[in-house]
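Student: First the structure, then my questions, so here it is.
The values are calculated or read from the model by the stated rules, or taken from the named source; none is laboratory data. Keep in mind the model is a prediction, meaning the values are calculated, not measured. Cβ coordinates were reconstructed from backbone atoms using ideal geometry, including for glycine residues, and neighbour counts include every protein chain displayed.
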Amino acid sequence: MTTPYRSTPVFDETTLPAALRTRHSTKAGTWGMIRVLEGQVKLTYLEPLSTVLLNPDVAGPLAPGRLHFVEPVGAMRMRVDFYDEPPGD
């Protein structure tokens, strides 16, 4: 498994930044992986449109430049890991 070069702090449903709740993407050459530590998070990809319910057993991969946003589903804790190559699960 690839090691992230950076990770966000752990966010909960009240501390999840507005920037992650609205349309955004990772920069060119940066892959991300949303990791839910507790609870559930809804990940919406915008192009093509699809939604995935993330939980501690289901991580959310983010390809460079792919537009997306996240929404907490009740109480949750999550972080985003960043990689300079496609991460494993």
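Student: Among the residues of the stretch 30-41, how many are in a strand (DSSP E or B), on the phi < 0 side of the Ramachandran plot, surrounded by 15 or more Cβ atoms within 10 Å (Cβ to Cβ) and not basic (Lys, Arg)? Write out each step before concluding.
Tutor: Taking the stretch 30-41 first, the residues in a strand (DSSP E or B) are 31-41.
Filter once more, keeping what is on the phi < 0 side of the Ramachandran plot: 31-38, 40-41.
Subset that is surrounded by 15 or more Cβ atoms within 10 Å (Cβ to Cβ): 31-36, 40-41.
This time we only want the ones that are not basic (Lys, Arg), so: 31-34, 36, 40-41.
Number satisfying all stated conditions: 7.
Student: Now a separate question. Out of Thr44, Thr51, Thr15, which single residue is among the hydroxyl-bearing types (Ser, Thr, Tyr), modelled with pLDDT of 95 or more, out of contact with any Cys (no Cβ under 7 Å at 6 or more places or on another chain) and assigned to a loop (DSSP other than H, G, I, E, B)?
Tutor: On the way: Thr44 fails: assigned to a loop (DSSP other than H, G, I, E, B); Thr51 fails: assigned to a loop (DSSP other than H, G, I, E, B).
None of the other options fit; the residue is Thr15.
Student: Out of the residues in the stretch 1-34 meeting the condition of being small (Gly, Ala, Ser) and touching a Pro at 6+ places or on another chain (Cβ under 9 Å), tell me which one is nearest to Arg79 (Cα to Cα). Explain how you work it out, then say what you get.
Tutor: The initial filter retains those residues of the stretch 1-34 that are small (Gly, Ala, Ser), namely 7, 18-19, 25, 28-29, 32.
Now drop any that are not touching a Pro at 6+ places or on another chain (Cβ under 9 Å), which leaves 25, 28-29, 32.
Working: Ser25: 15, Ala28: 20, Gly29: 19, Gly32: 10 Å.
Within the stretch 1-34, the match that is nearest to Arg79 (Cα to Cα) is Gly32.
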